[in-house]
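Right, one structure below, let's go through it.
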Amino acid sequence: MKTNERVKKIIFLTISSVIIVSGLWFGAFVMTASSLEKDRHQEAGGELVNEEEDASEEEDEWKDWVDWELSEPETHINILLLGLDNHGMSDAIMIFSYDLETYDSAIIAIKRDTYVGEQNWAEDEPGASQLTYAHLYGMGPEENYHHGALYALLWIEYLLELPLHGYASITFDGFTELIDQIGGVTVNVDPGFAERNKDPLPPGMQTLDGQQALTYARHRSNPRIQEPGSESEDGDRIRRNQRLFQAVLERCKELEEDELNDVYENVQDNLHTSLDDWDLMTIVNIYYHTDPSDMTTAILPGKPVYIEEKIGVEPTYYYLLDEEKTDHLLKDLGLK
């Protein structure tokens with residue numbers, strides 16, 4: 001295998017890995033089976049589809065946004081990364097951004113419960129104003145993962161007033177197998193993990209197998225294991241996932257070519273992306289010019305709120321972005 005091909009596969013696998021490890025948790029709000037069936041009949045514009053409605057009309061309405069052309073980059077390329085649960089909801093939402101001249105890069109996390117006040121995909125569904133639902137509704141009746149990613153991308157562009165130039169999404173069913181295939185990942189495990197009642201982890205520098213890495217990635221509370229600079233359990237989890245991402249990258253760099261091929265082929269089957277070979281080779285340039293440990297990591301700032309969406313229905317938990325602080329953060333990173 002040529003060096004560039006090897007590095008391209010490492011980068012491709014790494015992008016897949018960051019999406020996986022950042023999305024391994026479920027929120028407090030879980031949809032029922034009957035609700036899921038109704039959700040799949042939602043249109044991109046938000047109107048509830050009548051089951052007897054003519055299918056051709058439904059397809060015509062979808063064309064208004066599925067033909068959307070992605071923005072052309074100027075100084076930065078911003079790629080949306082989505083980690084999906086088994087229903088098609090976005091459990092992880094991140095932006096991978098890099099400077100076209102300096103190769104400086106950043107991974108910016110957006111909390112899945114982020115409130116989208118003007119969303120039009122489920123106006124009568126309590127709780128569905130969480131950003132995590134955008135991908136699910138965008139998939140449409142055919143459960144098209146590319147449509148789902150593009151729909152989520154359009155809403156995030158609107159929410160942040162930030163152009164996005166591509167997307168990659170992946171489900172996390174194969175997470176434990178992925179970690180086992182690469183021989184585990186080495187991270188510094190906080191002593192608090194030894195206090196877990198179920199699946200405790202040994203503290204200190206440890207090489208975690210797939211199931212242990214799953215525990216490390218998903219842990220939020222009982223007990224809370226606070227990360228430096230974090231103000232919430234979800235913030236703790238995201239920071240650990242960012243650390244796990246770096247560990248996956250370092251491990252992938254050590255793989256033999258045949259091992260890398262096996263892992264790459266496994267992940268490729270579950271990856272949906274707009275990125276082409278040229279995009280991937282551009283990312284390879286970053287790999288050659290920067291140290292992954294120097295990558296900037298950030299979480300968009302905000303606060304938890306409870307919003308009463310319908311009379312007689314209990315208020316729903318949301319994460320409300322601080323628009324001013326978010327704008328400052330994106331400007332500090334050179335994205336605006």
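The values are calculated or read from the model by the stated rules, or taken from the named source; none is laboratory data. All values reported here derive from a predicted model rather than from experimental measurement. Because the Cβ atoms are built from the backbone with ideal geometry, glycine has one as well, and the counts that use them run over all protein chains shown.
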| remark: Taking region 126-153 and keeping residues surrounded by fewer than 20 Cβ atoms within 10 Å (Cβ to Cβ) and either over 18 Å from residue 164 (Cβ atoms) or over 17 Å from the mean Cα position of the chain (by Cα) (or both) leaves 126, 141, 142, 143, 144
| said: Tell me whether region 59-75 contains one or more residues that are at pLDDT 90 or above and either under 29 Å from residue 319 (Cα atoms) or not in a strand (DSSP E or B) (or both). | reply: no
| query | Name the residues in region 300-326 that are assigned to a helix (DSSP H, G or I) and without any contact (Cβ under 8 Å) to a residue 40 or more places away in the chain, would you? | reply | 323, 324, 325
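Considering each residue of region 175-193, count those that are in a loop (DSSP other than H, G, I, E, B) and either closer than 19 Å to residue 271 by Cα or within 22 Å of the chain's Cα centre (by Cα) (or both), and give that number.
The first filter runs over region 175-193 and keeps only residues in a loop (DSSP other than H, G, I, E, B), leaving 182-184, 190.
This time we only want the ones that are either closer than 19 Å to residue 271 by Cα or within 22 Å of the chain's Cα centre (by Cα) (or both), so: 182, 184.
Counting residues in region 175-193 that are in a loop (DSSP other than H, G, I, E, B) and either closer than 19 Å to residue 271 by Cα or within 22 Å of the chain's Cα centre (by Cα) (or both) gives 2.
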| message | Where the second residue is assigned to a loop (DSSP other than H, G, I, E, B) and among the acidic types (Asp, Glu) and the first is closer than 15 Å to residue 249 by Cα and lies in region 182-211, which pairs have Cβ atoms under 6 Å and are six or more apart or on separate chains? | response | 184/209
| request: Give 194, 109, 134 a once-over and let me know the one that is aliphatic (A, V, I, L, M) and in contact with a strand residue (DSSP E or B) (Cβ under 6 Å, 6 or more places away or on another chain). | output: 109
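Return a yes/no flag: does region 166-176 have any residue that is more than 21 Å from residue 89 (Cα to Cα) and crowded, with 18+ Cβ neighbours inside 10 Å. Step through it out loud before you land on a result.
Keep residues of region 166-176 that are more than 21 Å from residue 89 (Cα to Cα), which gives none.
No, there is no match, as no residue in region 166-176 is more than 21 Å from residue 89 (Cα to Cα) and crowded, with 18+ Cβ neighbours inside 10 Å.
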| field | Members of region 229-245 that are in contact with a helix residue (DSSP H, G or I) (Cβ under 8 Å, 6 or more places away or on another chain) and surrounded by fewer than 18 Cβ atoms within 10 Å (Cβ to Cβ) | value | 229, 230
